[in-house]
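Chemist: Here it is: the structure, laid out below.
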Amino acid sequence: MDLHARRADSFGAQAEAYAEHRPDYPVAAIRWALEPLNTSERLEVLDLAAGTGKLTAGLVAEGHRVTAVEPNEQMLSELVRRVHDVRALPGHAEHIPVPDQTVDAVFVGTAFHWFDQVKALPEIARVLRPGGVLAALWISPDPDLEWYTEFERASASSVESQRNNPLDVMAHPSFGAMEEKTFPHVHRRDSPEALIATVNTHSRMLVVDEEERASINAKMLAFLRARPETSNGPFDVSMVVEAFRMVRVSE
Ligand SMILES: C[S@@+](CC[C@H](N)C(=O)[O-])C[C@H]1O[C@@H](n2cnc3c(N)ncnc32)[C@H](O)[C@@H]1O
């Protein structure tokens, strides 16, 4: 298995920690993504690459009928344990286990970069009704948060952070023009250890060997204990959500 495939399938090893320590998504981003549907009615929504349900929970809380699709068994089990009122199905973006034109919106939270877009985009187009929306969201620490940028430098690994390789959603004839909007968010961490636990759910940390992971964890702890922003008690990590939306056009 190549590194990209190993990373794409790495999250299940830390599924419980993922659910515990990764951030959720701001409701404003969900509502913005659904604006083109121009309705306040309950929608049929697919959360693709749903993981442990961080975004799924927000979609359910908005009152939508949600189907969560996720290939990793441990991630999907964690989702089923934590998010209720959702239909949870095993499956990949390149082969979505949902019939043609049955959903109003497909959401992808911090996962589009793992897809084979050449196969995934026509699959997403297939399951969407004309006029439906594809929304790809990425959540990550605010690039203007100085101490976090330094923290990232202090915690560099032999495998590069996904954040250094942002990926574009390709244009596709089944979709109209792409729109983009950024939303602020906050991830509260109770202690330096809690932020280290978050970083340990990132794919780069899941694929490095034990020795390298231990060394990076020690560096992160030393950094966070030395910084006034993080050394004492709970602190907030400012986050940004970069949201992209495209409308499914009729053919
Ligand atoms: C960083 S996690 C994001 C999970 C969740 N959407 C969230 O926002 O917390 C990436 C997820 O993509 C899933 N994934 C990786 N490759 C995939 C593929 N080809 N199709 C669907 N899901 C995939 C992984 O199993 C993992 O759960």
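Laboratory data are not the source of any read-out in this text; all were calculated from the coordinates shown. This one's a predicted model, so the numbers in the text were calculated from it and none came from an experiment. We place every Cβ from the backbone using ideal geometry, glycine too, and count neighbours over all the protein chains shown.
Chemist: To the nearest Å, what is the center-to-center distance of segment 205-251 and segment 69-127, using C-alpha atoms only?
Modeler: 24 Å
Chemist: How long is the chain along each principal axis, judged by its Cα atoms, biggest number first, in Å?
Modeler: The principal-axis extents, from largest down, are 57, 38, 34 Å.
Chemist: Let me ask you something else. Relative contact order for the chain: what is it in percent, counting Cα pairs under 8 Å that are at least 6 residues apart?
Modeler: On the way: 468 pairs, mean separation 60.4, N = 251.
Relative contact order of the chain: 24 percent.
Chemist: Please determine, in degrees from 0 to 90 and to the nearest 10, the orientation of helix 73-82 with respect to the longest principal axis defined by the Cα atoms of the chain, where the helix direction is its Cα long axis.
Modeler: For 73-82 against the chain, the angle is about 80 degrees.
Chemist: Between helix 117-127 and the chain, what is the angle of the helix's C-alpha long axis to the longest principal axis, kept within 0 to 90° and rounded to the nearest 10?
Modeler: Approximately 50 degrees, to the nearest 10.
Chemist: Nearest 5 percent is fine: what portion of the DSSP beta bridges confined to segment 58-135 is antiparallel?
Modeler: Details: 1 of 10 bridges.
Expressed as a percentage, antiparallel bridges in segment 58-135 total about 10.
Chemist: Go through Asn217, Phe183, Pro173 and say which Cα lies farthest out towards the positive end of the charge dipole of segment 155-251; charges sit on Cβ, +1 for Lys and Arg, -1 for Asp and Glu.
Modeler: Phe183
Chemist: Set the Förster radius R0 to 45 Å, insert the Cβ-Cβ distance between Ser231 and Met170 as r into 1/(1 + (r/R0)^6), and round the FRET efficiency to 0.05.
Modeler: Details: r = 43 Å, r/R0 = 0.97.
Result of the calculation: an efficiency of 0.55.
Chemist: Could you give the length gained by full extension between Val249 and Leu37, i.e. 0.36 nm per residue of separation minus their alpha carbon distance, to one decimal place? Working shown, then result.
Modeler: Numbers: separation 212, 0.36 × 212 = 76.32 nm, distance 1.23 nm.
Going from the current span to full extension adds 75.1 nm.
Chemist: To continue, here is another question. Taking the Cα centre of the chain as origin and charging only Cβ (+1 Lys, Arg; -1 Asp, Glu), how large is the dipole, in debye to the nearest 20?
Modeler: Details: 25 positive and 38 negative charges, 56 e Å.
Using Cβ point charges on Lys, Arg, Asp and Glu, the chain gives about 260 debye.
Chemist: How big is the antiparallel share of DSSP beta bridges in segment 15-88, given as a percent to the nearest 5? All intermediate terms of the calculation are to be shown ahead of the outcome.
Modeler: Values: 0 of 8 bridges.
The antiparallel proportion sits near 0 percent.
Chemist: On alpha-carbon atoms, Rg over Rh for segment 170-251 using Kirkwood Rh?
Modeler: Numbers: Rg = 18.9 Å, Rh = 15.8 Å.
Ratio of gyration radius to Kirkwood radius for segment 170-251: 1.20.
Chemist: Relative contact order of segment 95-146: what whole-number percent is it, with Cα pairs under 8 angstrom and at least 6 residues apart?
Modeler: Values: 56 pairs, mean separation 26.8, N = 52.
This gives 52 percent for segment 95-146.
Chemist: Another question about this same structure. Just for the chain, what percent of DSSP beta bridges are antiparallel, to the closest 5? Present the calculation step by step, with values, prior to reporting the outcome.
Modeler: Numbers: 22 of 42 bridges.
The answer is about 50 percent antiparallel.
Chemist: Report, in degrees rounded to the nearest 10, the 0 to 90 angle that the Cα long axis of helix 210-226 makes with the longest principal axis of the chain.
Modeler: 70 degrees
Chemist: Over the C-alpha atoms of segment 1-131, what are the Rg and the largest Cα-to-Cα span, Dmax, in Å?
Modeler: Calculated on Cα positions, Rg and Dmax stand at 14.1, 44 Å.
Chemist: Starting at the first residue of segment 234-251, write each ³J(HN,Hα) from the Karplus equation 6.51 cos²θ - 1.76 cosθ + 1.60 with θ = phi - 60°, in whole Hz, x for Gly and Pro.
Modeler: x, 8, 9, 9, 5, 10, 10, 10, 9, 10, 10, 9, 9, 9, 6, 8, 7, 9
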